[in-house]
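Comments concern the structure below.
Read-outs: derived from the displayed coordinates by stated rules, not from any lab. The structure displayed is predicted, hence computed values, not measured ones. Note: ideal-geometry Cβ built from the backbone for every residue, glycine included; neighbour counts use all protein chains shown.
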Amino acid sequence: MKIDISKLLSTASDSDMSNKHSAVLVYNGRPIVWAHNSISGSKTYHAEVSVVKKFLRIKGCVLWNYKE
Ligand SMILES: [Zn+2]
């Protein structure tokens, strides 16, 4: 399996945060969903979580979690 590192870099560069990073979800050896970290209000979102949430949204699912 080969991941397009330049696409990971360009996806990360779309982040509006100073510490930019990205993640890709791979299925059957094929990259299917790309995401970057982000900030919304006072909340920050890791690229690794965003890529899973994006995949689930595409599949019609929602991921709920709770953090104190
Ligand atoms: Zn992260």
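Can you give the charge dipole size of region 5-58 about its Cα centre, rounded to the nearest 20 debye, using +1 on the beta carbon of Lys and Arg and -1 on the beta carbon of Asp and Glu? Write out the running numbers ahead of the final one.
Numbers: 7 positive and 3 negative charges, 34 e Å.
The calculated dipole for region 5-58 is roughly 160 debye.
With a/c under 1.5 counting as rounded, go ahead and sort the chain into rounded, prolate or oblate using the C-alpha gyration tensor (a ≥ b ≥ c being the square roots of the eigenvalues; past the cut-off, prolate if a/b is larger than b/c, else oblate). The shape class here is oblate.
Straight-line reach from residue 43: taking Cα to Cα under 28 Å and skipping same-chain neighbours fewer than 8 places apart, the lysines in range are 7, 20, 53, 54, 59, 67.
Determine, for 64, 34, the number of other Cβ atoms within 10 Å of each Cβ, and report the residues in order from fewest to most. Intermediate results must be reported in sequence, preceding the final value.
On the way: 64 4, 34 20.
Final ranking by Cβ density, sparse to dense: 64, 34.
Estimated from the Cβ-Cβ distance and a Förster radius of 22 angstrom, the FRET efficiency linking residue 10 and residue 49 is about 0.65.
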